[in-house]
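This report concerns only the one structure given below.
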Amino acid sequence: MDLFDQPSTPQSEARRIRNAPLAERMRPRNLSEYAGQEHLIGPGKPLRVQIEHDDPASMIFWGPPGVGKTSLAKIIAETTQASFLEFSAVLSGIKEIKQVMAASEQASQMGSRTILFVDEIHRFNKAQQDAFLPYVERGTIRLIGATTENPSFEVISALLSRCRVYVLKALTEEQIIGLLRSALADRERGLGNLELTADEDALEMLAGYSSGDCRNAYNALEISAQLAADRAPQRKHGHINRAIAEEALQQRVLIYDKSGEEHYNLISALHKSVRNSDPDAALYWLGRMFASGEDPMYLARRVIRMAVEDIGLAAPEALNLCLSARQTMEFLGSPEGDLALAEAVVYLAMAPKSNSVYVAYAAVQQDIQATRQEPVPLHLRNAPTKLMKELDYGKGYRYAHDEEGKVADMDCLPPSLTGRRYFEPTQEGREKQLAQRLEELRRIRQAKRK
């Protein structure tokens, strides 16, 4: 129940369940009905032990959508005979938190135990999360938070340190197929009264396209069941085939949140596939991000970054290709312009790799932070005024074009960094030629100094 719900009668509760979506009706009522997460609730596993010992510690469930975080919290409340209060971080603020805490404290004083389930706890800001702390510390409530985001980044450290974090995994296709079969057969809560049959490949399609989200799979099955029943005599004995499943799905369900962790996981996979010279994997991850609705300009910026970080001077034309792909994307838009970025990604993956400039510039930044900021040597300064000339600005400067080999015997770094080498080209692609040229320049300079 919710703290602010009105008491329900058995008749109204039965009516609510009957009219609820299939995913809600098929919600597991105990651990024996619960599918997946064997690494947590199998015999002797950590969460199973905590539940069986009625351990009152607060916890956070971290996992993708549709894997049973809410169901598991309700099962824990039922198993431990605690009141269950469901609280949405999307719809609630400080005022509602204080109301819930006050009511929970009163219940605690009367000997009643309360489990406060906070869905999408990562959406609370720091002040809102702070409001839970004193009540969690005193044991007034047992907090169970659910999040699809990494709690290390989204939950304040004070609250995180007082909770046990359990990582829930996406359900496998086999597990989801088993749940869909149960829903088709269940006459009490599922679709059993429709007496439907389903082809195996249709169930496999519904499970595969759900991306491990059981809720999505149930929703797709419910639509498929309605389509099959509408096409069957007396709306019974319908059959779900692959065509009906495709019609119900319409479009693949992809797990994606443009500001969430999966966003960063996918771009990381794309970047590392390019770096590892794997054009097939790079194309796949690019396609995944396009299919998920990613901003094409974000992808274009990241592809340009790959060109300068991982290809660099080994194939300097890669940067121009990526800039052209960005212009093409702006000109054509998506989906027509997607192919330009795909072309750039394939080229980057196959191009020779060098991070020499990236490494050199990082070393420069480190020296800037670690050494004192020395003034520019006098011989490198311009002297546009008489005073500056009198102060020796520009004295000792040697014009490289007048020197043999176009190289002057002149230090251009601050005195404390004289002789420091940052750029060390590789033997990859064009950089092999640059390495030879750099060695030649160093020989000329060394000979002049001798």
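Figures for the structure shown
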quantity: Helices (runs of 4 or more DSSP H) within segment 170-250 that include 2 or more residues at pLDDT 90 or above and out of contact with any helix residue (DSSP H, G or I) (no Cβ under 7 Å at 6 or more places or on another chain); calculated: 173-185
quantity: Contacts under 7 angstrom Cβ, first residue in segment 268-293 being under 20 Å from A318 (Cβ atoms), partner part of a loop (DSSP other than H, G, I, E, B), 6 or more apart; calculated: R275/K353; S277/K353
quantity: Only listed residue being farther than 29 Å from Q250 by Cα and either buried (at least 16 other Cβ atoms within 10 Å of the Cβ) or within 25 Å of the chain's Cα centre (by Cα) (or both), chosen from E294, E309; calculated: E309
quantity: Cβ pairs under 8 Å, 6+ apart, first in segment 385-410 and aromatic (F, W, Y), second outside any loop (DSSP other than H, G, I, E, B); calculated: Y393/L378; Y397/H379; Y397/L380
quantity: Close pairs from segment 182-196: first more than 16 Å from P28 (Cα to Cα), partner part of a loop (DSSP other than H, G, I, E, B), Cβ under 7 Å, at least 6 apart; calculated: G192/D186; N193/R187; L194/K236; L194/G238; E195/K236; E195/H237; L196/G238
quantity: Cβ pairs under 6 Å, 6+ apart, first in segment 202-219 and not assigned by TED's automatic domain parsing to the domain that holds L191, second assigned to a helix (DSSP H, G or I) and charged (D, E, K, R); calculated: none
quantity: Selection count where residues are under 40 Å from the mean Cα position of the chain (by Cα) and either in a helix (DSSP H, G or I) or not basic (K, R) (or both), scope segment 362-381; calculated: 11
quantity: Segment 425-450 - residue that is basic (K, R) and over 30 Å from A349 (Cα atoms) and, of those, surrounded by the fewest Cβ atoms within 10 Å (Cβ to Cβ); calculated: K450
quantity: Residue in segment 167-201 that is surrounded by the fewest Cβ atoms within 10 Å (Cβ to Cβ), counting only those that are among the small types (G, A, S) and under 30 Å from the mean Cα position of the chain (by Cα); calculated: G178
quantity: Within segment 121-141, considering residues that are part of a loop (DSSP other than H, G, I, E, B) and among the aliphatic types (A, V, I, L, M), the one nearest to F153 (Cα to Cα); calculated: A131
quantity: Selection within segment 51-61 - surrounded by fewer than 23 Cβ atoms within 10 Å (Cβ to Cβ), touching a residue at least 60 places away in the same chain (Cβ under 8 Å) and not in a loop (DSSP other than H, G, I, E, B); calculated: S58, M59
quantity: Residues being closer than 28 Å to F423 by Cβ and not basic (K, R) - total across segment 302-346; calculated: 24
quantity: Residue that is modelled with the highest pLDDT, among those in segment 107-130 that are closer than 18 Å to E149 by Cα and surrounded by fewer than 12 Cβ atoms within 10 Å (Cβ to Cβ); calculated: K126
quantity: Failed item in (1) out of contact with any Leu (no Cβ under 6 Å at 6 or more places or on another chain); (2) buried (at least 19 other Cβ atoms within 10 Å of the Cβ); (3) under 30 Å from E294 (Cα atoms); (4) at pLDDT 90 or above, with G337 passing the rest; calculated: (4)
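The values are calculated or read from the model by the stated rules, or taken from the named source; none is laboratory data. Here the structure is a predicted model, which is why all the values come from computation and not from measurement. Here Cβ is always computed from backbone atoms with ideal geometry, including for glycine, and neighbour counts include all displayed protein chains.
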